[in-house]
Amino acid sequence: MRDPVRRSAEDVVRPGAADAPAALMPWHTVPAGSGPARAAVLVLHGGAADSKAPPRPWNVARARMRPFLRRVTRALPDEGTFVGQVRYRHRGWNGADADPVADVLRALDELSALVGEVPVVLVGHSMGGRAALRAAAVPQVRAVVALAPWCPEGEPVAHLRDKRVIVLHGDRDRITDPAESFALVRRAVEAGSAASAVRVAGGDHAMIRRARTWHHATGTTVAGLVARIADGLDPLPAQRPGAEPDVL
């Protein structure tokens, strides 16, 4: 996947509500009587480099994230976390349009209208990982978990300063390049991010090989981030992680 144009989340204009259906798709809402939501997790699926076509009714990329949604929801420390997916208007990133980033920003606006201003963890796969990293420019996004993300050379990292970023990438990925992901993590650390990387040995882009490892690692990681946020703690660790990947 290649895209020579780079923009930050602040460069993308939020489309109005009349332009598209709701971007926020609830998966787990805070039960009545449990009090207000204390945090939120939004999941972003993958897509294509270029396509203005709408996602198909049966969206394989979206379906691929359902096990992650289930695992994250089960792993959460309490009932006070809203979990949802982001709905895209188009299948592709589409160069300077950065369409999925605009959709994430719409979803964040809709989330605020629904549950108030709560801290957010974004979980994104492939193109969704790139969109999640871009959307971390929004203050309410406190952390990003990027799964096999699309991280072309030169992708911006300055806005990741003081954000918690965790990248997992399989070393058998033939769609997105794990070396580019790990290079982004190194640059993010240099920019002041608490960024770290995990190499999933034998993992492929679709996260089918070693699926349990992908699901467990994501659920555990997100639950740990949410627990700190929900307790009013900074999601950053006491010491910044190293930039070299750990191995699962």
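Just so it is clear, none of the values below were taken in a lab; they were calculated from the coordinates. What you see is a predicted model, and the numbers here were worked out from it, not measured in a lab. Don't worry about glycine lacking a Cβ; one is built from the backbone with ideal geometry, like all the others, and counts go over all protein chains shown.
What's the long-distance tail for the range 55-155, i.e. % of Cα pairs beyond 18 Å?
48 percent
Binning at 10 angstrom from zero up to the longest distance, how are the C-alpha pair distances of the range 53-96 distributed in percent?
Histogram of Cα-Cα distances, whole percents per bin: 22, 42, 26, 10.
On the first, second and third principal axes, largest extent first, how far apart are the outermost C-alpha atoms of the chain in Å?
Principal extents (largest minus smallest coordinate, Cα): 46, 42, 33 Å.
Can you tell me, using C-alpha contacts under 8 Å and at least 6 residues apart, the relative contact order of the chain as a whole percent?
21 percent
How big is the charge dipole of the range 82-165 about its Cα centre, in debye rounded to the nearest 20, if each Lys and Arg gets +1 on its Cβ and each Asp and Glu gets -1 on its Cβ? Provide the component values of the computation, followed by the final result.
Numbers: 10 positive and 9 negative charges, 33 e Å.
My answer is approximately 160 debye.
Mind putting a number on the dipole of the range 121-221 about its Cα centre? Charges go on the C-beta only, +1 for Lys and Arg and -1 for Asp and Glu, and I need it in Debye to the nearest 20.
Dipole size: approximately 280 debye.
Hey, got the dipole for the chain? About the Cα centre, +1 on K and R Cβ, -1 on D and E Cβ, debye to the nearest 20?
About 700 debye.
Towards the positive end of the charge dipole of the range 75-234, with charges on Cβ (+1 Lys, Arg; -1 Asp, Glu), say which of Ala179, Ala98, Ala136 has the farthest Cα.
Ala179
When you take every Cα atom in the range 162-248, what is the radius of gyration, and what is Dmax, the widest Cα pair distance, in Å?
13.4, 40
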